[in-house]
Each structure stands twice: as C-alpha cells, then as structure tokens.
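Notes follow the structure.
The values are calculated or read from the model by the stated rules, or taken from the named source; none is laboratory data. Nothing here was measured: the structure is a model prediction, and the numbers come from that model. Note that we place each Cβ from the backbone using ideal geometry, even for glycine, and neighbour counts take in every protein chain shown. Just the protein is used for accessible areas: all its heavy atoms, side chains included, with ligands, DNA and RNA removed. Shrake-Rupley method; radii C 1.70, N 1.55, O 1.52, S 1.80 Å.
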Protein chains: 2
Amino acid sequence: MATHAKPIGVFDSGIGGLTVVKALMRELPHEPIVYFGDTARVPYGSKSKSTIVRFSMENVEFLLRFGVKAIIIACNTSSSWALPTLRRYFKVPIVGVIRPGSRAAVQQTTAKRVGVIGTEATIRSRAYELEIKRLDASIAVFSQSCPLFVPLVESGWLNGAISAQIARTYLAPLKRHRIDALILGCTHYPLLAPVIQRALGPSVTLVDSATQTAAEVKGLLAWHEWLQGSRQRPRYRFFVTDEPDHFARLGQQFLGQAIRSVERVNYR
Amino acid sequence: MATHAKPIGVFDSGIGGLTVVKALMRELPHEPIVYFGDTARVPYGSKSKSTIVRFSMENVEFLLRFGVKAIIIACNTSSSWALPTLRRYFKVPIVGVIRPGSRAAVQQTTAKRVGVIGTEATIRSRAYELEIKRLDASIAVFSQSCPLFVPLVESGWLNGAISAQIARTYLAPLKRHRIDALILGCTHYPLLAPVIQRALGPSVTLVDSATQTAAEVKGLLAWHEWLQGSRQRPRYRFFVTDEPDHFARLGQQFLGQAIRSVERVNYR
C-alpha cells in the first residue's frame, strides 16, 4: 500500500484522546485513523516515568501492526515522558501534544504569563514549561497538577458546587500569578472548561492542544506528501484493552459522535 | 519446606491492601507475608469484570512462585468479581474480604439496615449485598459507589471542606435509609473514616473488613495446622509493578510503619 493511503495511528491511556481524534477528523476528513486506548491500565498520570515509557512503547508496537504512516500521542502524560524514547526506537514519525499546545499558548499570551494544568506525571516532567521557555524565554510559566479532574470527568461531575470548589482550589495559585492563558494539559480537561473558566474569570484564555496538534499532523503529512488522495469516507478503527462497550458509550462525549466498532485487544 | 513455614500471600490492585497486611501482622505476628500490589495497572475499581479477573489470575500466579500456603485478596473489587474463578483454577486456599466484612456488618447492625460503599465495580457486582442476604435475609442493604474517594485519599485530601462535601453527597441516600452500620468496601476508605463518620452522624458504626479478614485467615491456618511454629520475627516482602519508592513512601500511611524492601516486578 502506498504511504499516503495508510492510516494515522493515535494512542492514549484511555478515552480522552478522542478529543484529539475529533480535531483530526475535522482537519483531515479523508484520513483513515486507528485509535488505541489502553483502558485496562488507565490512568498513566499517577504512574512513574519507567511505567509510562514501557506502556507507550507497547502502544506504538501495536499501532505499527496497521502500517500507520504517523503516530499521534494524544495523551499528555505519555507525550511528556515517552516521546524522546519513542523517537529513538521507532522510525515512524511521532507527534506529541506538548509542542503544539505550547505553541498555541505562546501565541495567546500577551501578559507573557502562562499557566499549565495536568496530571501529576505531566507536571512533574516540566515538559510544557521547558517547551514554552524554548519558544520564548521571556514567558513566565506556572504549573499545577490537578489529580482529581480526571476522576471528576469520569464520574460525569462536570458542573455543580463540588467541581467548582475543586477547580477554585487548584487554580487559586495560578490566578494569583495573573496568568492570561492556561494550557489544558490533559485530554479530559476540555470537558471541565466551563468550571475552569469560571474559576479563573473571563480574562484567561483556555488553550487545548487538540486543534493545534491536528494542524501539526496535517503539516507533517503534507511535507512528506503523505496526505490521503481519495475523497472517500475513511475507515475509523478503535481498539481498547478493557471492555469495548463502556468505551463506545462514554466515548461519544469526547468524540462528539457515535462510535461504531470498538475492538478489544489483550496484550498477553 | 513444611507448609506451616511457608508465607501468606496477599495481593491488591495497589497500596490499599496494606491495611489488611497491618491487621494480619497484628493478628498473626509470626507469619511471613509476601505482598503484591499491581501499582502499574491500578485502579481495578473502574474496570470491567473480565479485566479484573485476568489481572487477578496473574497476581495469584505471581504469588504462587513463593510457595504461599494461602492467598488473601485484600482488594474489594477483585474479591467481588474474581474470587469464584480463582477458586476454580487454583488449589491454594484463597480468602477474599467480602465474607468477613459482611459477617462483621451483620454482627453490628441492630436496625437490620446496612449500607455498603465501594468502587463502581464492587457495587455493580452486588457481592456484599448477596453475602449479607445469605447470612441474614431480613437485613436491608443499601449500596453506593464512591468513585472519587480513592483519588481523594491518593491526593492526601483526607479532611477539609471538599472531602466533607463529597462524602455528604455520596452518603446522603444511605443516611435517608437510616442505616446503622456501613461497610467501608474499599481498602482506601478507612483513611476517610473521620469525614465519613461526620457525614453520617455518630449512630452509624463503620465496618472495615481488615480485622475480620485477618481473624478468618487465622482460623483457616489453625484448621489446616498451618500456623507458623517459630516465634521469630518473620520476613515481609513487598512487590509492586510500578516504582517501588513511591509505594514505600505512601505505604507507611496504610501500614502504620515504615516499609523496608520493596521490589519491582515486570509482567512481560
């Protein structure tokens, strides 16, 4: 099969990466996509670097079976810790969400004060901070891990007093630092955008990596002349390591459309 | 090695099972223990039955390498879903936490109205409900999953306004049902006992399976004449699938004492 006809591979620790798939479907509507969500071992954000790297390597190996022409790491935690190792081991082009997200924030901030929120592992990695500083050393970066945000989203508590109070608690230090742009450094967080925006006030722009990542993937494919030529409706395949039904049901919220076939994979 | 000299095996999805180890050390101070915490794949409570069973089978296989004389499933989620399958596959005696916890609650309730809280998977299994009904069909059982409790404990938010508000939200239906005993059906929950007690008021007795489980293990070993004869200080070994340091540090809170050697295991 010619490279341009091959699918794009996307992986995430679970379901959140579907927000990136949504952006890819919008930006590149003719590209077939193979999605892999490691729902049996989710979350990655509370785990150590070595485990995150090991799981990410396995995820790339899985996607390579489909002859993917490029791989997108939709997971912020995995992008933060595993990207350099993955690029060293595999020849396929691999795109993470940290650089696109950082670029978008650098474009947004006028006060040159950017906030970053993410899982414990993402924040511990300092990946966003280092990337933003590399793009513009004059920008001050303030980071905060928000370990309860993912379980809040997965519980469906997207609004209400408890979510608001948790958001205010996490975001108070960032507000005090007078940031004017906030990177939502976890694919679950866009679902909490309304409470996050209320906690910070209207002067802060929320930056979500998904759109910028899709644009970067489009650029990469164009540069290699790997863009899908056909105007046909592409095939989308979804693979998970836990129960497919649960993923298909919850996934609609993230993808914004029904998910047809989801297949289960066992690593062993 | 004679059976009585062999260690007891304990497994959990992560760190919480150390509360059961603590009770075992108190009840059976001369028994060597091998603990296995699946910290790379934690939590189990949000996953499906088939995944919980698969992981639990692997955990038992790991413990069998140490020639354990009995296995305790410290994890409520795994006890709820995997125990019947494990007993079918393995000859070693396997003790879960559901029956001991249910017995303790049946002894405690005078109103014959028992509440059960646990992970989504534990509550979905109805394991506690069925066991309590089997022991005393006249007892009414009211169940509630509390998916935010584990992340609250792991964030160290054991007190404060947010924990109190989340506890009140989850427990309000149980309070309305006028329960007088509540099973803490997850090894993390004893750390939230003060906020849970405040949310329910002093008339409700909190029941934690750990002590009752240790008593049941003691009975099992005595019956088989497998109790450790020696009065020596026993060896304790801890194995985890993610970073040992993090486990050793956090684990002190659960075990109530320092954890010396923790070793890492890779399944693949």
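Amide H to amide H, with H built 1.01 Å from N, B:Phe36 comes under 5 Å of B:Val10, B:Phe11, B:Asp12, B:Phe239, counting only residues 5 or more places away or on other chains.
Per residue, the protein assembly as shown reaches -14500 deg cm²/dmol at 222 nm when only DSSP H runs of four or more residues are counted, each adding -39500 (n - 2.57). For B:Arg235, the label point sits 7 Å beyond Cα toward Cβ; its separations from the matching points on the remaining copies run 5.4 nm, from shortest to longest.
Two-decimal Rg/Rh of chain A from alpha-carbon positions, Kirkwood Rh? Can you show the working numbers first?
On the way: Rg = 17.8 Å, Rh = 18.6 Å.
Across chain A, the Cα-based Rg/Rh ratio is 0.95.
Take the Cβ-Cβ distance between B:Val265 and A:Ser203 as r, set R0 to 51 Å, and report the resulting FRET efficiency rounded to the nearest 0.05. Don't skip to the end; give the middle numbers.
Numbers: r = 50 Å, r/R0 = 0.97.
With R0 = 51 Å, the Cβ-Cβ based efficiency is 0.55.
Enter the Cα centre distance for the pair segment A:128-188 and segment B:232-268, rounded to the nearest angstrom. Going from one Cα centre to the other spans 32 Å.
Divide, for segment A:98-209, the radius of gyration over alpha carbons by 2.2 N^0.38 Å, where N is the residue count.
On the way: Rg = 12.9 Å, N = 112, 2.2 N^0.38 = 13.2 Å.
Against the compact-globule rule of thumb, the ratio is 0.97.
Distances between placed amide hydrogens fall under 5 Å for A:Ala70 paired with A:Gly9, all partners being 5 or more residues away or on another chain. Karplus-based coupling profile of segment B:114-125, in residue order and whole Hz: 10, x, 10, 10, x, 6, 4, 5, 4, 5, 4, 5, with θ = phi - 60° in 6.51 cos²θ - 1.76 cosθ + 1.60 and x standing for Gly or Pro. The distance between label points at B:His30 and A:Arg237 comes to 6.0 nm (points 7 Å beyond Cα on the Cα→Cβ vector).
For segment B:98-209, DSSP calls about 0 percent of its internal beta bridges antiparallel. Normalised by residue count, segment B:1-137 yields a Cα convex hull volume of 112 Å³ per residue. Taking A:Ala181, A:Ala105, A:Ala222 in turn, the Gaussian network model of chain A (Cα-Cα springs below 10 Å) assigns the largest fluctuation to A:Ala222.
Taken along its principal axes, the alpha carbon cloud of the protein assembly as shown reaches lengths of 73, 48, 41 Å, longest axis first.
Burial annotation for segment B:223-257: residues with an accessible-area loss of at least 40 Å² between the isolated chain and the complete set of protein chains, computed on heavy atoms with a 1.4 Å probe, are B:Asp242.
For chain B, what is the accessible area per residue in Å² when the probe is 1.4 Å?
Accessible area per residue: 41 Å².
Residues A:Asp208, B:Asp245, ordered by accessible area of protein heavy atoms at a 1.4 angstrom probe radius and largest first, appear as B:Asp245, A:Asp208.
Stretching the chain fully between B:Leu135 and B:Trp223 yields a gain of 29.5 nm (0.36 nm per residue, less the alpha carbon separation). 3J(HN,Hα) along segment B:202-208: x, 7, 9, 8, 8, 10, 10 Hz, from the Karplus curve 6.51 cos²θ - 1.76 cosθ + 1.60 with θ = phi - 60°, whole Hz, x for Gly and Pro. Each copy carries a label point for B:Ser50 at 7 Å from Cα toward Cβ; from one copy, the others' points are 3.2 nm away, ordered from shortest.
All other residues with a Cβ under 13 Å from the Cβ of A:Gly156 taken together, and with Lys, Arg as +1 and Asp, Glu as -1, what is their net charge? Walk me through the numbers on the way to the answer.
Values: positive: A:Arg249; negative: A:Glu154, B:Glu120.
Net local charge, A:Gly156 excluded: -1.
Near B:Val207, the amide H atoms lying under 5 Å from its own belong to B:Leu182, B:Ile183, B:Leu184; only residues 5 or more places off or on other chains count, and H is placed 1.01 Å from N.
Across segment B:199-247, Cα-Cα pairs farther apart than 13 Å form 76% of the total. Extension gain, A:Glu61-A:Gln253: 0.36 nm per intervening residue step, less the Cα-Cα distance, totals 66.3 nm. Share of Cα-Cα pairs in segment A:42-92 beyond 16 Å, in percent? Percent of Cα pairs beyond 16 Å in segment A:42-92: 32.
Distance between the 7 Å Cα→Cβ label points at A:His4 and A:Arg178: 5.2 nm. A label point on B:Ala222, set 7 Å along the Cα-to-Cβ line, lies at 7.7 nm from each of its counterparts in the other copies, closest listed first.
Please state the Cα pair-distance histogram of segment A:1-44 with 5 angstrom bins from zero: what percent is in each bin? Reading upward from the zero bin: 6, 22, 26, 21, 13, 9, 4, 0.
The HN-Hα couplings worked out from phi for segment A:215-226 by the Karplus form 6.51 cos²θ - 1.76 cosθ + 1.60 (θ = phi - 60°) are 5, 5, 5, 4, x, 4, 5, 4, 4, 7, 6, 10 Hz, whole numbers, x standing for Gly and Pro.
Of the accessible area of the protein assembly as shown, computed with a 1.4 Å probe over protein heavy atoms only, carbon and sulfur atoms account for 51 percent.
Could you compute how much accessible area chains B and A hide from each other, both sides summed, with a 1.4 Å probe? Nearest 100 Å² is fine. For chain B against chain A, roughly 2600 Å² becomes buried.
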